[in-house]
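The values are calculated or read from the model by the stated rules, or taken from the named source; none is laboratory data. What you see is a predicted model, and the numbers here were worked out from it, not measured in a lab. Heads up, the Cβs are rebuilt from the backbone with ideal geometry, glycines too, and the neighbour counts pull from every protein chain shown. The protein model used for the area step is the full one, side chains on, heavy atoms only, and it has no ligands, DNA or RNA in it. Shrake-Rupley method; radii C 1.70, N 1.55, O 1.52, S 1.80 Å.
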Amino acid sequence: MRVLRTRSELDEVRAEHARRSVALVPTMGALHEGHRQLIARAGEDASAARYVSIFVNPLQFGPNEDLQAYPRPLEADIAFCDEAGVDVVFVPSEQEMYPGGPPSVTVSAGELGTVLEGRTRPGHFDGVLTVVAKLLNLVHPTAAYFGQKDAQQLALVRRMVRDLSMPTEIVGVPTVRAADGLAQSSRNAYLDPGQRSQALVLSRALNIAKASGVHGVHAVFEEAGAVLAGEPGVKLDYLELVDADTFGPVDRATTHGLLLVAAWVGGTRLIDNVTLDLGVTVER
Ligand code: PAF
C-alpha cells in the first residue's frame, strides 16, 4: 500500500494506474466498520485500484463545531487501510489541499444544502461539495463510494456530479449497524455507555416507522414519534420524510419515502435514516 501526502506524488501514482479503473473512498479518517464496508464495495471490481483519501476538511465545519477536537488517529487509520486491502492512501495536509488558503470559488449546494442537516449546519454542504469536487479532480476516479447513512450528503454529491457533468460514478453503500442497531459513525466514539444505549432509540424509531409505512404517513410519524419521546435523554432535532429519489416533498405518487432523524445525545449530534415502502393506497 502506498501512502501519499502530496498532489505530485498522487499524479505519479495515478499515472501508473492510467489503464485501470480507480475506486475512491473519500473519508475524514477515524475509520470504522462503515468505512470497511465502503472499501469492500470499492473492491468488488477486482481490477480497480482502491484509493482512500483521509482529510479533515475545515470548510465543512461551522464556527461552533470543534474542528480541532475531531479525532485524527492517523497511524491506526493507515493500518486499517492496509488490512482492508487498499492500494493507495492519500493524506494531504491543509496546505496541500488549499495552498492559497480557503478557496474563494466554491461549490454551492443550493437549496437542498439549506434544509435538514443544512438548517443546523449552514455552509456545511458547500464545504463538503467543494472538497469532494477537489478530490474527484485530483484522483480522477472511475467511481466514488459514499455511505447511505449520510443520505443528504450522498444526494448532494450525486446532484453535483450530474449538474456539473463530472465523469465519476457515485455509489451509495448501505449503512453498517452494530448488532444492537446503532448506525456506525465516527461520532459514536463521543458517547459514554449510558448515552450509547440511549442512542439506540434512533434505530428503534426507524424500525417501527418502517413497519408502519404501509399504514400511511400519519402512522409513521405517530409510531416513530412515540418511541423517540420515550427516551428523555435524547433531544430530537428533526424527524422528516422526503421522497427517496428526489429528496423533495412526499406526494401522492411517492412510493419510497426516506425517513431521516437527527437528535442530540448529550453533546453528540447523531443522524440516521431508513427507506420506507409507503404502499400505493396510503392517506396523505
Ligand atoms: O463523509 C465524510 O467523511 C466527509 O463529509 C467527506 C465526504 C469525506 C468530505 O470531507
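Scanning region 148-160 for residues that are assigned to a helix (DSSP H, G or I) and touching a residue at least 24 places away in the same chain (Cβ under 8 Å) returns ALA151, GLN152, GLN153, ALA155, LEU156, VAL157, ARG159, MET160.
Counting only residues that are closer than 13 Å to GLU240 by Cα and either in contact with a helix residue (DSSP H, G or I) (Cβ under 7 Å, 6 or more places away or on another chain) or open to solvent by 90 Å² or more (accessible area, probe 1.4 Å) (or both), how many does region 207-218 have? Matching residues across region 207-218 total 2. Restricting VAL86, VAL131 to residues that are under 23 Å from ALA49 (Cα atoms), among the hydrophobic types (A, V, I, L, M, F, W, C), open to solvent by less than 60 Å² (accessible area, probe 1.4 Å) and part of a loop (DSSP other than H, G, I, E, B) narrows the list to VAL86. The set of residues in region 141-195 being within 16 Å of the ligand (Cβ to nearest atom), closer than 25 Å to ARG119 by Cα and among the acidic types (Asp, Glu) consists of ASP150 alone.
Conditions (1) modelled with pLDDT of 95 or more; (2) assigned to a strand (DSSP E or B), marked per residue:
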position: ARG20; (1), (2): yes, no
position: PRO26; (1), (2): yes, yes
position: GLY29; (1), (2): yes, no
position: ARG36; (1), (2): yes, no
position: ARG41; (1), (2): yes, no
position: VAL56; (1), (2): yes, no
position: ASP66; (1), (2): no, no
position: PHE80; (1), (2): yes, no
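Every residue, every condition in (1) under 17 Å from SER186 (Cβ atoms); (2) within 16 Å of the ligand (Cβ to nearest atom); (3) open to solvent by 70 Å² or more (accessible area, probe 1.4 Å), yes or no:
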position: VAL3; (1), (2), (3): no, no, no
position: GLU9; (1), (2), (3): no, no, yes
position: THR27; (1), (2), (3): yes, yes, no
position: PHE80; (1), (2), (3): yes, yes, no
position: VAL91; (1), (2), (3): yes, yes, no
position: VAL105; (1), (2), (3): no, no, yes
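TYR145 falls short on exactly one of the conditions (1) open to solvent by less than 10 Å² (accessible area, probe 1.4 Å); (2) part of a strand (DSSP E or B), and that condition is (1). The requirement of being under 24 Å from VAL22 (Cβ atoms), in contact (Cβ under 8 Å) with a residue 12 or more places away in the chain and of a type in the set (Val, Ile, Thr) is fulfilled nowhere in region 115-122; no residue meets it. One residue stands out in region 225-284 among those that are basic (Lys, Arg) and either open to solvent by 70 Å² or more (accessible area, probe 1.4 Å) or in contact with a His (Cβ under 8 Å, 6 or more places away or on another chain) (or both): the one that is nearest to HIS215 (Cα to Cα), namely ARG284.
For region 31-61, residues that are out of contact with any Cys (no Cβ under 6 Å at 6 or more places or on another chain), of a type outside the set (D, E, K, R) and more than 9 Å from the ligand (Cβ to nearest atom) total 16. Within region 122-171, can you find the residues that are on the phi < 0 side of the Ramachandran plot and hydroxyl-bearing (Ser, Thr, Tyr)? Within region 122-171, THR130, THR142, TYR145, THR168 qualify.
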